[in-house]
Amino acid sequence: MRDLVDIGMGRTARQTFELDDITIVPSRRTRSSSEVSTAWQLDAYRFDTPILTHPTDAIVSPETAIALGRSGALGVLNGEGLWSRHRDADARLAEVAEIADSDPDPAAAIARLQELHAAPLDTALLGEAVARVRDAGVTTAVRVSPQHALELTPTLLSAGIDLLVVHGTIISAEHVSKNDREPLNLKTFIADLDIPVVAGGVHDHRTALHLMRTGAAGVIVGYGSTEGSTTTNEVLGIGVPMATAIADAAAARREYLDETGGRYVHVIADGDIHTSGDLAKAIACGADAAMLGTPLAAAAEAPGRGWFWTAAAAHPSLPRGALMQVAVEGENPSLECVLHGPSSVPFGDRNVVGGLRRSMAKTGYSDLKEFQKVGLTART
């Protein structure tokens with residue numbers, strides 16, 4: 001039964017939990033971390049780690065997507081970012097980072113991001129960026145918004161993408177509009193494609209279940225770091241704490257599995273995952289994989305040069321997110337160190353796969369699906 005609390009006369013609210021409110025319970029069994037598998041498979045694509053990137057220019061360039069793929073993760077290129085608008089995207093990102101470093105007003109860097117995103121989308125540039133990743137032999141994934149999915153998907157298919165990510169701040173399977181423009185019908189859109197589609201973000205059981213019924217191979221829960229994104233706080237006032245949101249989506253996954261007689265849809269957590277402990281708790285709450293943001297943005301190879309922001313930060317009229325400094329130049333670890341170590345930093349933001357592996361081993365679980373059964377406690 002849902003735990004409802006009174007917030008006033010005649011108005012109740014559901015009590016919910018952040019990942020910080022959750023802890024994993026040790027079991028009577030332990031095992032060696034060398035016997036633990038962190039492998040994850042989505043459709044025909046297998047990865048050594050259950051890690052995708054949040055699709056932001058701050059983390060993913062064609063080069064970092066290649067490096068991430070070779071390290072067992074999945075780099076998701078933002079198909080509507082600067083790589084599809086400017087041929088010198090890396091130099092433009094350096095300019096944004098320089099403004100963020102030197103100007104104490106956080107609006108200055110956002111204003112420059114908005115100016116850069118005002119340039120028109122260039123499908124030729126986008127195709128070139130995707131081809132560079134594809135030609136490197138790693139799994140190629142690109143994010144598009146629901147507004148531009150129909151426009152950009154033919155280019156992406158021609159360029160040879162393996163996975164399509166339809167990602168918005170808050171996405172639904174049913175968009176109601178009085179405008180003449182026909183909204184994206186995810187069910188027919190996905191049915192017409194020969195590649196798997198991951199869709200999100202969602203925050204509640206009902207919307208997650210609706211997205212699963214569109215035929216999506218995976219559903220994204222959340223929208224990046226709520227510490228760096230104001231989407232669900234100051235601007236819109238919308239959101240559900242991540243531990244509860246993941247658990248609700250996992251319940252929708254079980255319901256859909258029974259409804260379809262065995263079709264499994266992956267739940268991908270995307271929010272407030274800054275450390276290996278956060279990653280472990282997200283999977284323990286029911287996620288199959290997680291999108292990482294701030295840890296990967298701190299890497300020396302990241303195009304954001306120590307700064308993290310979500311794609312919504314560049315919205316032309318209602319930016320929802322600020323640039324968040326996650327590393328200082330000269331102190332940036334490598335991508336390999338962030339993912340696999342070795343590390344001498346004791347805060348869980350490096351060697352995140354090693355931390356996940358150790359958490360699984362200390363509680364006696366050998367694979368990710370089994371680890372979803374681990375006991376949890378919640379602080380009230």
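The values are calculated or read from the model by the stated rules, or taken from the named source; none is laboratory data. On a predicted model such as this, the values are computed, not experimentally measured, just so you know. Cβ atoms come from the backbone with ideal geometry, glycine included; neighbour counts cover every protein chain shown. Surface areas here come from the heavy atoms of the whole protein model, side chains and all, with no ligands, DNA or RNA. Shrake-Rupley method; radii C 1.70, N 1.55, O 1.52, S 1.80 Å.
How many Å² of accessible area per residue for the chain, probe 1.4 Å?
Dividing the accessible area of the chain by its residue count gives 44 Å².
Mind counting lysine pairs for me in the chain? Cα separation below 19 Å, and the two need to be 8 or more apart along the chain or on different chains.
Eligible lysine pairs with Cα atoms under 19 Å apart amount to 4.
For labels at Ser102 and Ser158 in the simple 7 Å Cα→Cβ model, what's the distance in nm?
Taking the simple label geometry, Ser102 and Ser158 are separated by 4.0 nm.
Determine ³J(HN,Hα), in whole Hz, for all residues of the stretch 367-373 in sequence, where each value follows from phi through the Karplus function 6.51 cos²θ - 1.76 cosθ + 1.60 and θ = phi - 60°; x replaces Gly and Pro.
Calculated HN-Hα couplings, in order: 8, 5, 5, 5, 5, 5, 9 Hz.
Between Arg31 and Ala111, what FRET efficiency comes out of the Förster formula 1/(1 + (r/R0)^6) with R0 = 41 Å and r the beta carbon distance, rounded to 0.05?
Result of the calculation: an efficiency of 0.20.
Please compute the length gained on full extension between Arg14 and Ile238, using 0.36 nm multiplied by the number of residues separating them and subtracting their Cα-Cα distance.
Contour length minus Cα-Cα distance gives 79.2 nm.
Quick one: pull the percent of accessible area on the chain belonging to carbon and sulfur, 1.4 Å probe, ligands and nucleic acids left out.
Here carbon and sulfur together make up 48 percent of the probe-accessible area.
Per 10 Å bin, what percent of the C-alpha pairs of the stretch 26-168 does each bin hold, from zero upward?
11, 37, 29, 15, 7, 2
Would you list Lys369, Lys281, Lys362 from the most to the least accessible area, probe 1.4 Å?
Final ranking, largest accessible area leading: Lys362, Lys369, Lys281.
Going by average Cβ neighbours within 10 Å, how do the peptides 42-49, 306-313 rank, with the highest at the top?
Values: 42-49: 16.4, 306-313: 25.6.
Put in order of decreasing packing, that is 306-313, 42-49.
Between Asp43 and Ala94, what's the calculated FRET efficiency when r is the beta-carbon distance and R0 is 41 Å? Round to 0.05. Could the numbers behind the result be given before it?
Values: r = 36 Å, r/R0 = 0.88.
The formula returns an efficiency of 0.70 here.
So, R0 is 56 Å and r is the distance between the beta-carbons of Ser317 and Lys369; what FRET efficiency does that work out to, to 0.05? Spell out each step's value before the answer.
Working: r = 43 Å, r/R0 = 0.77.
Working from the Cβ atoms, E equals 0.85.
Keeping all protein chains in position, work out how much accessible area Glu115 exposes to a 1.4 Å probe, and write it in Å² to the nearest 10.
110 Å²
Applying a 10 Å radius around every beta-carbon, put 10-16, 140-146, 340-346, 185-191 in order of their mean neighbour count, most first.
Working: 10-16: 11.0, 140-146: 25.3, 340-346: 12.9, 185-191: 16.1.
Top to bottom by mean Cβ count within 10 Å: 140-146, 185-191, 340-346, 10-16.
Among 267-277, 204-214, 250-260, how do they line up by average Cβ neighbours within 10 Å per residue, starting with the highest? Please report the intermediate quantities before stating the final value.
Working: 267-277: 26.1, 204-214: 21.4, 250-260: 16.1.
Order by mean packing, descending: 267-277, 204-214, 250-260.
What number do you get for the stretch 285-380 when its Cα radius of gyration is normalised by 2.2 N^0.38 Å, N = residues?
Here the answer is 1.31, to two decimals.
Say each of Arg206 and Leu257 gets a label point 7 Å from the Cα, pointing the same way as Cα to Cβ; how far apart are those two points in nm?
Computed distance between label sites Arg206 and Leu257 equals 2.5 nm.
If you average the alpha carbon positions of the stretch 180-222 and of the stretch 140-157, how far apart do those two centres end up, in angstrom?
That distance is 13 Å.
Which order do you get for Asp88, Asp57, Asp21 if you rank them by accessible area with a 1.4 Å probe, largest at the top?
Values: Asp88 70, Asp57 5, Asp21 45 Å².
Highest to lowest solvent-accessible surface, that is Asp88, Asp21, Asp57.
Got the relative contact order for the chain handy, in percent, Cα pairs under 8 Å and 6 or more residues apart?
23 percent
Over the Cα atoms of the stretch 324-380, compute the convex hull volume and normalise it per residue, giving Å³.
Working: hull volume 8.2 nm³, N = 57.
So the per-residue hull volume is 143 Å³.
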